[in-house]
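Engineer: Submitted below is the structure of interest, expressed as C-alpha cells.
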Amino acid sequence: MSHNFNKEQIEKVRNILSKHTDSKLVTHINACVHCGLCGSSCVFYKTFNDPKYIPGKKIDLVASLYKRYNTLLGRIAPSVVHARELTDEMITEMVDLLFGGCTMCGRCVPHCSIGVDIPFIVRTGRRLLAEMNRIPLSLKATADTALAAQNNMGIVEEEFLDTIQWMEEELQDELGDTKAQIPINQENNNVLYTLNPREVKFFPLSISAAAKIFYAAKEQWTISSKMYDVTNYGYFTGDNTTASTIAKNMFDEVLRLKSSTLVLGECGHGSRALRWEAPNFLKQHPDFNIITLIEIIEQYLKEGRIKVDKYLNTQKYTLHDPCNITRNGGLFNSLRYVMQNIVPELIEMTPYGAENFCCGGGGGMLAMSEYNDRRLKVGEIKAEQIRKTDANVVITPCHNCIDQLSQLNHTYKLNVEIKSVAEIVADALVIV
Ligand code: SF4
Ligand code: SF4
C-alpha cells in the first residue's frame, strides 16, 4: 500500500530537481522526445527485450517527478503532462530500474537522437533514492565500509601491510634485486599510487606488476597504508556527501604525503569519480596532477623510461574497454597506444572502443547481490563478444570489470584468462 511522503521529503525531491540547483538537469530532462532510439544501445534492453529497460523510460521516472513537483502544470493537472506522485510503488520501481537496471555505462548517450546525458539523470534519480534511504542495502554497506575503514572491503592495515610485504619479496626474487621495493607512506615522492582493494584481497600480483613498472621507470613513488582505495561507491549510491568525503580523504592523503601526482590504479569508476567527478563534488580543483596508470605507462613508453618487448607475450589477446576508461574517460588512444607496445596483436571485440558493451558489472552492480542473476544474464553479451574473438587472454584496466569477467568466464565457460594491463606490461618489460 502507498504511503504519502511528507512535506520534508517532497521538498528534498523538489530541491534536487530544481533548475536553481542544476540547470543541466532540467535541460536534459526536458530534452527527451520519447523516440525510443536509445533502446537497442542498452545491454539491459537487448538482454531482456522489456520496454521498461529502454534508457528513455528510465529517465522518464525522474522526469515525471520533476514535472509533478517542479512545474505549474504538473501541480495542477499532473495527468496532462504525465507527472507522477511520489509513492512507495514509484520508489520501488525507481530502485529496480535506476539501481538494478542501469550500469551508468553511457552507451546510450551517443545513440540518443539529441544527446541526452542519460547516466547523469539516472544518477540524479539515485540521489533522490539516497535521500529517501532507499539505496540497496548491499551497496550502501560497501560505501559505509569505505567510510569507516578507508577501503571498501574493510581490510585492516596489518593485512594490507602483510600482502605488500609478500609482494615486495616476490618482486625482489623475480628481479634479483633487494632494492626493488613497494614503498609505503613515504613523503615527498612524485607518485602516490592507489589500488582497488580487490587487488589486496584477490589479485595481489597486479600490485607487484605495477611495482615492477615503477621500478623499471626509476619512479619515486609510494602507496599509502591509510588511504589507498581508488574506488568511490558514493558515486554509485547517489549520496554526494559520501562521495565527497571519500574523494576528500584521498585528496588529503596526497597532501599529507606531499606527492605531486596521484596515479589512479586500474579501476574505471574510481578513475571517473576521482579524476572527473571529484572537482564537482568538492567544488574545487586539486593542486596536484591526477592521472591513470594507463596514462603514466603511456608516458614512460613515449619518454623511453621503460623498455618493452611485446613478443615476450605469446598468447592471443583481446581487450575489454571499461566504460569509464574509454567511453566516459576518453582514454581510447592512451589504452591502444599501450596495447600496441605490449602485445604482438590485439584482437578487437565487435564492437569495441567507445561503442563497446558494458560487461554488466558497472554502476555498483557487483556490490548489489540482489541483482546477481540479472547481472550475469546481462553479461552474456560481453561473454559472446569475448568468445567470438577466439582470444585466450582478456586484458582490462579495471578490477571491477576483472571481477565480472571472471564470473562470466566461469558462467559461460569461456576458458580464458583475465589480466590487468599492469600484468601484461610487466610481462613485456625488458629491464637492463
Ligand atoms: S547508461 Fe548503459 S545501462 Fe544505463 S540506460 Fe544507458 S545504456 Fe543502459
Ligand atoms: S533516444 Fe534520447 S530522446 Fe529518444 S527516448 Fe532515448 S533518451 Fe529520449
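The values are calculated or read from the model by the stated rules, or taken from the named source; none is laboratory data. None of the values given here were measured: they were computed from a predicted structure. Virtual Cβ from ideal backbone geometry, glycine too; neighbours counted across all protein chains shown.
Engineer: Could you tell me which numbered condition A211 fails, if it satisfies all but one of (1) in contact with a strand residue (DSSP E or B) (Cβ under 6 Å, 6 or more places away or on another chain); (2) buried (at least 24 other Cβ atoms within 10 Å of the Cβ)?
Structural biologist: Result: A211 fails condition (1) only.
Engineer: Which pairs have Cβ atoms under 7 Å, sit 6 or more apart or on different chains, and link a residue in the stretch 24-50 that is charged (D, E, K, R) to one that is within 12 Å of ligand 1 (Cβ to nearest atom)?
Structural biologist: From the stretch 24-50, the pairs are K46/S40; K46/I381.
Engineer: Check off (1) within 11 Å of ligand 1 (Cβ to nearest atom); (2) surrounded by 15 or more Cβ atoms within 10 Å (Cβ to Cβ) for S40 and give me the number that stays unchecked.
Structural biologist: Failing condition for S40: (2).
For every residue, the table says whether it meets (1) of a type in the set (D, E); (2) modelled with pLDDT under 95; (3) within 16 Å of ligand 1 (Cβ to nearest atom).
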residue	(1), (2), (3)
G353	no, no, yes
C359	no, no, yes
R374	no, no, yes
G379	no, no, yes
A383	no, no, no
D403	yes, no, no
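Engineer: So, one more: Residues that are away from ligand 2 (no atom under 11 Å from the Cβ) and surrounded by 13 or more Cβ atoms within 10 Å (Cβ to Cβ): does the stretch 52-59 have at least one? Show your work before the answer.
Structural biologist: Just the residues of the stretch 52-59 that are away from ligand 2 (no atom under 11 Å from the Cβ), to begin with: 52-53.
Now drop any that are not surrounded by 13 or more Cβ atoms within 10 Å (Cβ to Cβ), which leaves 52-53.
Checked against the condition, which is being away from ligand 2 (no atom under 11 Å from the Cβ) and surrounded by 13 or more Cβ atoms within 10 Å (Cβ to Cβ), the stretch 52-59 yields at least one hit.
Engineer: All but one of (1) away from ligand 2 (no atom under 16 Å from the Cβ); (2) touching a Leu at 6+ places or on another chain (Cβ under 8 Å); (3) of a type in the set (A, V, I, L, M, F, W, C) hold for I121; which doesn't?
Structural biologist: Every listed condition holds for I121 apart from (1).
Engineer: Still on this structure, please answer the following. Determine the pairs where a residue that is in contact (Cβ under 8 Å) with a residue 12 or more places away in the chain, located within the stretch 97-115, has a partner that is more than 10 Å from ligand 2 (Cβ to nearest atom) and basic (K, R) with Cβ atoms under 6 Å apart, the partner being 6 or more residues away or on another chain.
Structural biologist: These pairs meet every condition: L98/R126; G106/R327.
Engineer: Can I ask one more? Would you check if E295 is assigned by TED's automatic domain parsing to the domain that holds I223 and not hydroxyl-bearing (S, T, Y)? Even if it seems obvious, please write down each step before you answer.
Structural biologist: Working: assigned by TED's automatic domain parsing to the domain that holds I223: yes; not hydroxyl-bearing (S, T, Y): yes.
It is true that E295 is assigned by TED's automatic domain parsing to the domain that holds I223 and not hydroxyl-bearing (S, T, Y).
Engineer: Being in contact (Cβ under 8 Å) with a residue 12 or more places away in the chain, over 23 Å from G330 (Cα atoms) and touching a helix residue (DSSP H, G or I) at 6+ places or on another chain (Cβ under 8 Å), is that true of even one residue in the stretch 256-271?
Structural biologist: No, the stretch 256-271 has no match at all.
Engineer: Moving to a separate point now. Tally the residues that are surrounded by fewer than 19 Cβ atoms within 10 Å (Cβ to Cβ) and of a type outside the set (A, V, I, L, M, F, W, C), restricting the search to the stretch 61-83. Steps first, answer last, please.
Structural biologist: From the stretch 61-83, those surrounded by fewer than 19 Cβ atoms within 10 Å (Cβ to Cβ) are 71-73, 75-82; that's our starting set.
Filter once more, keeping what is of a type outside the set (A, V, I, L, M, F, W, C): 71, 75, 78-79, 82.
The total comes to 5.
Engineer: Ok, one more. If you check A426, A391, A422, A354, which single one turns out to be more than 22 Å from the chain's Cα centre (by Cα) and not in a loop (DSSP other than H, G, I, E, B)? Break it down into steps so the answer makes sense when it comes.
Structural biologist: Values: A391 fails: not in a loop (DSSP other than H, G, I, E, B); A422 fails: more than 22 Å from the chain's Cα centre (by Cα); A354 fails: more than 22 Å from the chain's Cα centre (by Cα).
After applying the criteria, what remains is A426.
Engineer: For the stretch 50-113, please list each of the helices (runs of 4 or more DSSP H) lying entirely inside it that holds at least 3 residues being within 16 Å of ligand 1 (Cβ to nearest atom) and in contact with an Asp or Glu (Cβ under 9 Å, 6 or more places away or on another chain). So that I can check it myself, show each step before the final result.
Structural biologist: Details: elements: 55-70, 72-76, 88-94.
Because the criterion is at least 3 residues that are within 16 Å of ligand 1 (Cβ to nearest atom) and in contact with an Asp or Glu (Cβ under 9 Å, 6 or more places away or on another chain), no helices (runs of 4 or more DSSP H) in the stretch 50-113 meet it.
Engineer: Only residues that are out of contact with any Gly (no Cβ under 7 Å at 6 or more places or on another chain), in a helix (DSSP H, G or I) and not β-branched (V, I, T): list them for the stretch 114-133, please. Before the answer, list the steps.
Structural biologist: Step one: filter the stretch 114-133 for residues out of contact with any Gly (no Cβ under 7 Å at 6 or more places or on another chain), giving 114-118, 120-122, 124-125, 128, 131-133.
The next check asks that each one be in a helix (DSSP H, G or I); those that pass are 118, 120-122, 124-125, 128, 131.
Result: F120, G125, L128, E131.
Engineer: Do we have T92 as in the same structural domain as V200 (by TED's automatic domain parsing) and among the β-branched types (V, I, T) here? Show your work before the answer.
Structural biologist: Numbers: in the same structural domain as V200 (by TED's automatic domain parsing): no; among the β-branched types (V, I, T): yes.
No; evaluated as a whole, the condition is false for this residue.
Engineer: Mind counting the residues in the stretch 134-151 that are outside any helix (DSSP H, G or I) and within 28 Å of R327 (Cα to Cα)? If you could, list the steps in order and put the result at the bottom.
Structural biologist: Our first condition is that a residue be outside any helix (DSSP H, G or I); within the stretch 134-151, this holds for 134-136, 150-151.
This time we only want the ones that are within 28 Å of R327 (Cα to Cα), so: 135-136, 151.
The qualifying residues number 3.
Engineer: Tell me, yes or no, whether the stretch 199-210 has at least one residue that is closer than 21 Å to V338 by Cβ and in contact with a Cys (Cβ under 7 Å, 6 or more places away or on another chain).
Structural biologist: Residues of the stretch 199-210 that are closer than 21 Å to V338 by Cβ, as a first pass: 199, 203, 205-210.
Keeping just the survivors that are in contact with a Cys (Cβ under 7 Å, 6 or more places away or on another chain) gives none.
Looking for residues that are closer than 21 Å to V338 by Cβ and in contact with a Cys (Cβ under 7 Å, 6 or more places away or on another chain), one finds none in the stretch 199-210, hence no.
Engineer: Now for a different question. Does T47 qualify as being away from ligand 2 (no atom under 16 Å from the Cβ), within 24 Å of the chain's Cα centre (by Cα), β-branched (V, I, T) and modelled with pLDDT of 90 or more?
Structural biologist: On the way: away from ligand 2 (no atom under 16 Å from the Cβ): yes; within 24 Å of the chain's Cα centre (by Cα): yes; β-branched (V, I, T): yes; modelled with pLDDT of 90 or more: yes.
So T47 passes the test.
Engineer: Another one. Taking only the stretch 124-158 into account, find how many residues are under 25 Å from F48 (Cα atoms), crowded, with 21+ Cβ neighbours inside 10 Å and either of a type in the set (A, V, I, L, M) or more than 16 Å from ligand 2 (Cβ to nearest atom) (or both). Walk me through it before giving the result.
Structural biologist: Here is the first cut: in the stretch 124-158, the ones under 25 Å from F48 (Cα atoms) are 124-126, 129, 134-139.
Those still in the list that are crowded, with 21+ Cβ neighbours inside 10 Å too: 124-126, 135-136, 139.
Right, trim to either of a type in the set (A, V, I, L, M) or more than 16 Å from ligand 2 (Cβ to nearest atom) (or both) and you get 126, 135-136, 139.
The qualifying residues number 4.
Engineer: So, one more: Test each condition in (1) closer than 26 Å to Q404 by Cβ; (2) of a type in the set (A, V, I, L, M, F, W, C); (3) in contact with a strand residue (DSSP E or B) (Cβ under 9 Å, 6 or more places away or on another chain) for F202 and report the one that comes out false.
Structural biologist: (3)
Engineer: Next question, about the same structure. How many residues are over 25 Å from the mean Cα position of the chain (by Cα) and β-branched (V, I, T) if we restrict to the stretch 145-204?
Structural biologist: Result for the stretch 145-204: 3.
Engineer: Listed residues C108, C102, C42; which is farther than 20 Å from K12 by Cα, touching a helix residue (DSSP H, G or I) at 6+ places or on another chain (Cβ under 9 Å), away from ligand 2 (no atom under 12 Å from the Cβ) and at pLDDT 95 or above? Don't jump to the end; show me each part of the working.
Structural biologist: On the way: C108 fails: away from ligand 2 (no atom under 12 Å from the Cβ); C42 fails: away from ligand 2 (no atom under 12 Å from the Cβ).
None of the other options fit; the residue is C102.
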